[in-house]
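The values are calculated or read from the model by the stated rules, or taken from the named source; none is laboratory data. These numbers were taken from a predicted model, which means no experiment stands behind them. In this analysis, Cβ positions are derived from the backbone assuming ideal geometry, glycine residues included, and neighbour counts consider all displayed protein chains. Accessible surface is based on the protein model in full, side chains and every heavy atom, while ligands, DNA and RNA are left aside. Shrake-Rupley method; radii C 1.70, N 1.55, O 1.52, S 1.80 Å.
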Amino acid sequence: WDRKRREVFAARDFFGIKPFYYYVDQEQFLFASEVKAIHAVGVVKRTIRPESVLNYLTFQYVPDPHTMFEHVQTLPPAHYLHIRQNGSITLKKYWEPTFEPKDRPIEDYIDELRYRLEDSVKYHMHSDVKSGCLLSSGIDSTSIAAHMRHIRPIQTFSVGFEGPQNECQIARQTAEKLGTEHYDHIIGPDEYFDVLPKAVWHQDEPVADPSAIALYFVARLAREHVTVALSGEGADELLGGYRIYREPISLRAFDYVPMDIKRVLHRVFKKLPASVKGRNTLLRATTPLRERFFGNAMLFSEDIKRDLTLYDSELISSYRNPIDIAGPFYDRVKHLDPSTQMQYIDLNLWMPGDILSKADKMTMAHSLELRVPFLDKEVFEIARSIPVRYRLAENTTKFIFRKAMEGIVPDTILHRPKLGFPVPLRDWLRTQYADRVLEQVDTNVNDLYLNRTAFHDMVRRHRNGQGDYARKIWAIYIFSLWHKTYVEDQNKERQIHVI
């Protein structure tokens, strides 16, 4: 705030690590790190933005610069706002995270990655309070913990679920090898579902990523011991860590098929029964990348959204759909290989919309300051120049990073495939918890948004083992909880206040 000129300057960080919400009209400019703070002023209507609902059903979050609310926006990453006394507003991007691969020896990149990450971890450990590390079973968080442990004794924290993919077991073994003071917690289904309303309240907007709730638990655990925690967010987007990035390599044979023929084949493959093995692969192979990849989550297709929602056909046919949203990003990197294009899409959509959003909201819910050393501008300067042949080699992901971490990360972790937080939703939603979901959705989702018959049919098919609809069901469920918390309950409070 420039008191002399009566002007406001506001900016968001390079990658969108921290949120920035704002509301502006002819009389006022409101901004906050939480939507609920803006609503608390009492002048902003809680009107749902229909296009945001439709995009949420695809992305599992609402992409910047919009929110689920009609009148509240987000300042996108690497943008600034300048508001002058006369009311004029300048919104501008001040930095572009471009990928520019350079042909250099792999040894150069290995050495620089090691140095830059070590330097970033040292920088992010500067604090007057105790710091620890959120430790999963993967290479990203393990590399952070290993570097931290080389500097001083640290505490590490993990959560997991009962079953064959319990991350706690692997994380505990890793902590022993690194020599950290380790704490973990096994999350049960009752505990997981019971905490949902509180976690959704902290999210501000619906984010249908089941791992967000696991992050809530590990943040709560860490806050019992430390005030600051480091974590591995951003490594996959910068260094090519998602398995989906290898898809263009596996589909190269179709690169030589003319697009007109691909369109014909696509129509033929679409008529095949869903149970036919390889059908989805053939459909994706005959669909242009910019029409099939909008980031790591792609929940509902446009066809299914027409059946699932009760919005009028004019809105569904005219709204700014996922292809329109991702299109400008594809245009900026059309000269790059398909895998790098996918990374760029995730860097601009998935990472700020899902990965960093849930990281900020779920840690700040417990007043835990989360720091992310991979999202250091100096680390990105190295990552953006790495050729795809070094990122996706030997049938794995983040190949060069794995090479760089040899001798630093335990061998048991070095070549493990990425799991994320493997929440056992598929199994849970085939038990009594499906009834809990149906009751919540039936009670708290307005008919304006949802075709209940179609949703009930989806839940029935999932419970009968006729398909895996867990993530789709979860998206509707989270939206229902969010709608109850931010729309229905708030409307009731206003009615009581008026009376």
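Summary table
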read-out	value
Alpha carbon centroid spacing (whole Å) that separates segment 147-187 from segment 468-482	30 Å
Pairwise label distance in nanometres, GLU181 with HIS366, each label 7 Å out on the Cα-Cβ vector	1.6 nm
Charge dipole (debye, nearest 20) of segment 208-259; +1 at Cβ of Lys and Arg, -1 at Cβ of Asp and Glu	120 debye
Lys/Arg +1, Asp/Glu -1 at C-beta; segment 170-294 dipole; positive extreme among VAL207, ALA219, LEU196	VAL207
Where the chain is the region considered: accessible area per residue in Å², 1.4 Å probe	46 Å²
Structure-based [θ]222 nm, the chain - -39500 (n - 2.57) summed over DSSP H runs of at least 4, per residue, nearest 500	-13000 deg cm²/dmol
Rule-of-thumb Rg ratio for segment 86-125 [Cα; 2.2 N^0.38 Å; N residues]	2.00
Pair-distance profile P(r), taking every C-alpha pair of segment 354-465, with 10 angstrom steps and integer %	10, 22, 27, 19, 20, 2
GLN432 versus ARG279: modelled label distance in nm, points set 7 Å from Cα along the beta carbon direction	3.5 nm
The chain, dipole about Cα centre (Lys/Arg Cβ +1, Asp/Glu Cβ -1), debye to the nearest 20	780 debye
Cross-link pairs beyond the 28 Å C-alpha cut-off, checked among LYS277/LYS334; LYS18/LYS122; LYS18/LYS484; LYS277/LYS472; LYS18/LYS198	LYS277/LYS334
Segment 1-81: C-alpha pair distances exceeding 18 Å, %	47 percent
Estimated vicinal HN-Hα couplings, Hz - segment 228-241 in sequence order (Karplus 6.51, -1.76, 1.60; Gly, Pro = x)	10, 9, 9, 8, x, 4, x, 5, 5, 6, 7, 10, x, x
Positive-pole candidate from LEU356, GLY407, LEU425, dipole of segment 352-449, charges at beta carbon	GLY407
Accessible heavy-atom area order of ASP184, ASP360, highest first, probe of 1.4 Å	ASP184, ASP360
With all protein chains modelled, accessible area of THR396 [1.4 Å, Å²]	30 Å²
Percent of beta bridges antiparallel (DSSP, the chain, rounded to nearest 5)	50 percent
Neighbour net charge for SER33 - beta-carbon separation under 15 angstrom, K R +1, D E -1	-2
Dipole magnitude (debye, nearest 20) for segment 1-70, charges at Cβ of Lys, Arg, Asp, Glu	240 debye
Isotropic mean projected area of the C-alpha convex hull, segment 142-208 (nm²)	6.0 nm²
Binned Cα-Cα distance frequencies in the chain - 20 Å width, integer %	21, 57, 22, 0
Of PRO19, ILE48, LEU30, farthest towards positive along the dipole that unit charges on Lys, Arg, Asp, Glu beta carbons give segment 1-75	LEU30
Span from the segment 38-102 Cα centroid across to the segment 104-127 one, whole angstrom	33 Å
Proximal charge balance of CYS168 [Cβ under 11 Å; K/R count +1, D/E count -1]	-2
For HIS66, residues with placed amide H under 5 Å, excluding near neighbours	THR74
Local electrostatic count, SER313, Cβ distance below 14 Å [Lys/Arg +1, Asp/Glu -1]	-3
Rounded percent of accessible protein surface that carbon and sulfur make up, the chain, 1.4 Å probe	50 percent
Calculated FRET value between ILE261 and GLN85, using beta carbons and R₀ = 51 Å, to 0.05	0.25
Descending semi-axes in Å of segment 99-254, equivalent ellipsoid built from Cα gyration tensor	29, 23, 16
Solvent exposure ordering (accessible area, 1.4 Å, most first) of ASP442, ASP190, ASP376, ASP236	ASP190, ASP442, ASP376, ASP236
Heavy atoms of VAL24 accessible to a 1.4 Å probe, total area in Å² rounded to 10	50 Å²
